[in-house]
Amino acid sequence: MSEACNCNHGGMPEPPKPNFQVPSNENSNICHVIAIMSGKGGVGKSLVTSLLASRVSAAGYRVGILDADITGPSIPKAFGVDGQSLHSRENLMVPAETESGIKIVSSNLLLDDDTEPLIWRGPMIASVVKQFWSDVYWGDVDYLFVDMPPGTGDVPLTVFQSLPVEGIVVVTSPQELVSMIVEKAVNMANQMDVPILGLVENLSYYNCPDCGKSHAVFGESHIDEVADGHGLKVLAKAPIDSAIAAAVDAGKVETLTAPWLDEAVAAVTGDKKAE
């Protein structure tokens, strides 16, 4: 009978984790990549992406948005660039630019008709997301925001594995299932070794112009308890406001000040300076 192994494996290094990151090109100098995600759809993730990008741009940083919601893109419409199309430079796609200079790459900017559906399988969508990173003439960008599709499927996995994501902002809504939504995002972030910067609760309250009171239209918020349970920060509670919807529909999201995002902007930029 063979003896039990007496080898001491404790001092042996663990094998290195595989590196799936896709290199950018020599015409792209992107300093920081921030992903905006949610565990479900319909919570206003693209709105938060648009407002964060606008606020960070207004603070003097060079900003870009990679719209990774390939089959449901809404970023171009919010910024009023949906009539533009991506052109080529040195065999690379050149982003559309907003009035304030935010660079945007989105699948809708590749279509002649932005109502045309992209009926693609997951591998094709994941490939396009990687091309939006590697095959785009981004130039100098201090903060690149990645607007994710909802959930934890192919595209979020591709983004976390292929792009050097530094942090995640999780968008939620004030409903009982918010705990499940946050937990999914937290678990995925932990598995991908990407820190969560904090939570943003959209549709949090409505300020009545007649009585002056705030009303919890979708029920009382549970975001603070959920955040405490996971050791996370609540970065913002966004109101229900028809002026926000009107500005987005008109392609004027950059005109919104969104002061309730101050802490979220600080969490994104921190003390880091554009190099």
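Between the DSSP loop rule and a limit of at most 13 other Cβ atoms within 10 Å, which GluC sites (Glu not before Pro) in segment 134-209 are left?
176
Hey, how much of the P(r) for segment 41-199 falls beyond 19 Å, as a percent of Cα pairs?
Distances greater than 19 Å cover 54 percent of the Cα pairs.
What does the accessible area per residue of the chain come to in Å², with a 1.4 Å probe and no ligands, DNA or RNA counted?
50
Taking the Kirkwood radius as the inverse of the mean 1/r across Cα pairs, report the Rg/Rh of segment 197-275.
For segment 197-275, the value is 1.03.
Based solely on C-alpha atoms, express the radius of gyration and the Dmax of segment 216-260 in angstrom.
13.9, 39
Pop out the carbon and sulfur fraction of the accessible area of the chain as a percent, whole number, probe 1.4 Å.
Result for the chain: 50 percent of the exposed heavy-atom area is carbon or sulfur.
What do you get for trypsin sites (Lys or Arg not before Pro) in segment 82-151 restricted to DSSP loop and a cutoff of at most 12 other Cβ within 10 Å of the site's Cβ?
Sparse-neighbourhood loop trypsin sites (Lys or Arg not before Pro): 121.
Quick check of the Kirkwood formula: for segment 137-275, what is the inverse mean of 1/r over all pairs of different Cα atoms, in Å?
It is 16.7 Å.
Looking at segment 50-157, which GluC sites (Glu not before Pro) are DSSP coil and have at most 16 other C-beta atoms within 10 Å of their C-beta?
90, 99
So if I average 1/r over every pair of distinct C-alpha atoms in the chain and take the inverse, what Kirkwood radius in Å does that give?
So the Kirkwood estimate lands at 19.7 Å.
For the ranges 251-261, 47-57, 63-73, 33-43, what's the packing order if you count other beta-carbon atoms within 10 Å of each residue, average per peptide, and put the highest first?
Ranking, from highest mean packing down: 47-57, 63-73, 33-43, 251-261.
For segment 107-179, what is one quarter of the convex hull surface built on the Cα atoms, given in nm²?
Average projection, Cα convex hull of segment 107-179: 7.0 nm².
Work out the charge dipole of the chain with +1 on the Cβ of Lys and Arg and -1 on the Cβ of Asp and Glu about the Cα centre, then indicate which of 194, 250, 149 is farthest towards its positive end.
Most positive-ward Cα: 194.
The values are calculated or read from the model by the stated rules, or taken from the named source; none is laboratory data. Owing to the predicted nature of the structure, the values given are computational and were not obtained by experimental measurement. No Cβ is skipped: glycine too gets one built from the backbone with ideal geometry, and neighbour counts run over all protein chains shown. Surface accessibility is based on the protein's heavy atoms, side chains included, excluding ligands, DNA and RNA. Shrake-Rupley method; radii C 1.70, N 1.55, O 1.52, S 1.80 Å.
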